[in-house]
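In what follows, a single structure is set out as structure tokens and then discussed.
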Amino acid sequence: MADNNNTREEDMNNRQHKFDEIKSYIEDDMENFGGLDNEELHHEMFNMDYYIIGTYKAEQWLGSQVFECIRTVHEYEDFHFGERYTDTSDPEKLVNMYAYIIGEQIINTMREEQED
């Protein structure tokens, strides 16, 4: 089973901008949220604070993958909400929503690994 999880994580990493960075952010910060279940952890890490603050920093973070990030946010919001809420013309809002989405995927994968 572990090989299957590693393959899935490698596939996600190859497809998704800044995957390793967001995963490290989660792993490094998990100790500050001890005792929370995964859903609460995701909420605290990505709803209660900003992943990136500042337009310039957000633009640098997005780099040449800005359209991949926009596409990811649009697909996520279309699927989950039936409409789009994030102002993807605002780099800071785009980065923070993108990190929210990727963070959710990473935390869900971590939960699945714990259950195995």
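The values are calculated or read from the model by the stated rules, or taken from the named source; none is laboratory data. Keep in mind it's a predicted model, so treat the numbers as computed, not measured. Neighbour counts run over all protein chains shown; Cβ positions are idealised from the backbone, glycine included.
Mind checking whether some residue in the range 25-36 is exposed (fewer than 14 other Cβ atoms within 10 Å of the Cβ) and β-branched (Val, Ile, Thr)? Write out each step before concluding.
Pass one, the range 25-36, residues exposed (fewer than 14 other Cβ atoms within 10 Å of the Cβ): 27-29, 31-32, 34-35.
Among the residues that remain, those that are also β-branched (Val, Ile, Thr) are: none.
Checking the range 25-36: not a single residue is exposed (fewer than 14 other Cβ atoms within 10 Å of the Cβ) and β-branched (Val, Ile, Thr).
Just wondering, is there one or more residues in the range 80-93 that are touching an Asp or Glu at 6+ places or on another chain (Cβ under 6 Å) and outside any loop (DSSP other than H, G, I, E, B)? Checked against the condition, which is being touching an Asp or Glu at 6+ places or on another chain (Cβ under 6 Å) and outside any loop (DSSP other than H, G, I, E, B), the range 80-93 yields at least one hit.
Residue pairs whose Cβ atoms lie under 9 Å apart, separated by 6 or more positions or on different chains, with the first residue in the range 35-60 and β-branched (Val, Ile, Thr) and modelled with pLDDT of 95 or more and the second surrounded by fewer than 15 Cβ atoms within 10 Å (Cβ to Cβ) and part of a loop (DSSP other than H, G, I, E, B), are Thr55/Asp90.
Residue-by-condition table, conditions (1) closer than 28 Å to Asp37 by Cβ; (2) surrounded by fewer than 19 Cβ atoms within 10 Å (Cβ to Cβ); (3) modelled with pLDDT under 95:
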| site | (1), (2), (3) |
| --- | --- |
| Arg71 | no, yes, no |
| Glu83 | no, yes, no |
| Lys93 | yes, yes, no |
| Asn108 | yes, yes, yes |
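Restricting the range 76-116 to residues that are of a type in the set (Ser, Thr, Tyr) and touching a residue at least 40 places away in the same chain (Cβ under 8 Å), which is farthest from Ile53 (Cα to Cα)? Walk me through how you get there before you give the answer.
In the first step, residues of the range 76-116 are kept if they are of a type in the set (Ser, Thr, Tyr); the result is 76, 85-86, 88-89, 98, 100, 109.
Those left that are additionally touching a residue at least 40 places away in the same chain (Cβ under 8 Å): 98, 100, 109.
On the way: Tyr98: 14, Tyr100: 14, Thr109: 26 Å.
That would be Thr109.
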